[in-house]
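J.: Before we start, here is the structure in question, set down as structure tokens.
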Amino acid sequence: MRFLPTPEQREFARSLDAMLSAADTPSAVRSWAAGDRTAGRALWSRLADAGVFALAVPESCGGVGPLPVEVAVAFVELGRHAVPGPLVETVLAAALLAGGSGPDAAAGLLSALASGKAMATVGAPYALDGDAADVVLVLRDGGVWRAPGARDARPCLDRARRLTTPLPGGELLLPRTPPAALHWARLATAAQALGVGLTLLDRTVAHVGRRVQFGVPIGSFQAVKHRLADARIALEFARPLLFGAALTMDPADVAAAKAAACEAAYTTARTALQLHGAIGYTAECDLSLWLTRARALRTAWGAPHECRATVLAAGPPHH
């Protein structure tokens, strides 16, 4: 079993990193939070052109997947750059539609998701960015429905995430919710959280190297080194769990990866805030975009206690 990306996967990650580094994602996030989706939509199209959304869509429906390891590789980079939009929910929508034997409408939606022509969200019961998504799916009565839209957008701790209420009614796409679809949401969330944590750590290491107290950088203080080392260990421990889970897609493995990555990102966020001081939490500081994302992802698609319960219910691994 391989826990390291292949050369092709590493090159894919590098190409996404280069594209997103040049895109000024903090500005796109702030515009998205203010209701202007122009920059975010343009970024979405570029990600689609790079094949990100096609990774979760079967080849028969215009995709190249399903490829969970590549999804994990991509979502680490999306988290590192704090890309806005219902990214995880679009992957979940693809997993839902691909995992059932529904009508031709499902195949058409899958093709639109793969190409980036459609942005999807999923409500259970609330839907992230339902006011921006082209497709609003709802998990209701054991099946998957397409809602006519969403309303009542409300702000969240993460300013770029808005929870909406799907409108009642709609079209039944699948009579049964594919049981494995949730694992895709948890995997993508875990990967995104790992990327968020890595950026928080990198920015904090740079900050403590610049900030001076008593004539020396605070990064030279032993207590600061220990906090950063703890954050690094937590993130590096989560990394093999993430890629191991992507290889097996076993529910317990995915739940363990989700809990570990999200807790590591949250721990790193707390360390980053403490070492930056209160300025790190101000809206003017870019760091706040990753701080609030770490907190939001921690409970998205499975809070830590829910993921641990899944692992415990599975029992010890069999060899």
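The values are calculated or read from the model by the stated rules, or taken from the named source; none is laboratory data. Because the structure is a prediction, the values reported are computed rather than measured. Counting neighbours? That spans all protein chains shown, and the Cβs are built from the backbone with ideal geometry, glycine included.
J.: Considering each of VAL88, VAL83 in turn, give the residue that is closer than 30 Å to LEU201 by Cβ, part of a helix (DSSP H, G or I) and touching a Ser or Thr at 6+ places or on another chain (Cβ under 7 Å).
T.: Values: VAL83 fails: part of a helix (DSSP H, G or I).
Testing whether each residue is closer than 30 Å to LEU201 by Cβ, part of a helix (DSSP H, G or I) and touching a Ser or Thr at 6+ places or on another chain (Cβ under 7 Å) leaves just VAL88.
J.: Kindly indicate whether VAL205 is β-branched (Val, Ile, Thr), surrounded by 23 or more Cβ atoms within 10 Å (Cβ to Cβ), in contact with a Gly (Cβ under 8 Å, 6 or more places away or on another chain) and within 27 Å of VAL73 (Cα to Cα).
T.: Values: β-branched (Val, Ile, Thr): yes; surrounded by 23 or more Cβ atoms within 10 Å (Cβ to Cβ): no; in contact with a Gly (Cβ under 8 Å, 6 or more places away or on another chain): yes; within 27 Å of VAL73 (Cα to Cα): yes.
So VAL205 does not fit the description; no.
J.: Let me ask something additional. Residues to consider are VAL76, VAL71, VAL29; find the one that is within 18 Å of the chain's Cα centre (by Cα) and within 22 Å of LEU137 (Cα to Cα). Break it down into steps so the answer makes sense when it comes.
T.: Numbers: VAL76 fails: within 22 Å of LEU137 (Cα to Cα); VAL29 fails: within 22 Å of LEU137 (Cα to Cα).
Only one candidate qualifies: VAL71.
J.: Do we find a residue being surrounded by fewer than 23 Cβ atoms within 10 Å (Cβ to Cβ) and farther than 30 Å from GLU11 by Cα anywhere in the stretch 83-101?
T.: Scanning the stretch 83-101 turns up at least one residue that is surrounded by fewer than 23 Cβ atoms within 10 Å (Cβ to Cβ) and farther than 30 Å from GLU11 by Cα.
J.: For the stretch 156-166, does any single residue satisfy the condition of being within 18 Å of the chain's Cα centre (by Cα), closer than 23 Å to GLY65 by Cβ, buried (at least 19 other Cβ atoms within 10 Å of the Cβ) and small (Gly, Ala, Ser)?
T.: Within the stretch 156-166 (the criterion being within 18 Å of the chain's Cα centre (by Cα), closer than 23 Å to GLY65 by Cβ, buried (at least 19 other Cβ atoms within 10 Å of the Cβ) and small (Gly, Ala, Ser)), the answer is no, since none of the residues qualifies.
J.: Does HIS226 qualify as being crowded, with 20+ Cβ neighbours inside 10 Å and either in the same structural domain as GLY79 (by TED's automatic domain parsing) or at negative phi (or both)?
T.: Values: crowded, with 20+ Cβ neighbours inside 10 Å: no; either in the same structural domain as GLY79 (by TED's automatic domain parsing) or at negative phi (or both): yes.
The answer is no for HIS226.
J.: Also, I was wondering about something else. Please pick out the residue among LEU194, LEU110, LEU137 that is outside the structural domain of GLY302 (by TED's automatic domain parsing), part of a helix (DSSP H, G or I), surrounded by 19 or more Cβ atoms within 10 Å (Cβ to Cβ) and at negative phi.
T.: Details: LEU194 fails: outside the structural domain of GLY302 (by TED's automatic domain parsing); LEU137 fails: part of a helix (DSSP H, G or I).
Just one listed residue meets the conditions, LEU110.
J.: Ok, one more. Among the candidates LEU172, LEU182, which residue alone is of a type outside the set (Val, Ile, Thr), surrounded by 16 or more Cβ atoms within 10 Å (Cβ to Cβ) and not in a loop (DSSP other than H, G, I, E, B)? Break it down into steps so the answer makes sense when it comes.
T.: Working: LEU172 fails: surrounded by 16 or more Cβ atoms within 10 Å (Cβ to Cβ).
Going through LEU172, LEU182 in turn, the sole match is LEU182.
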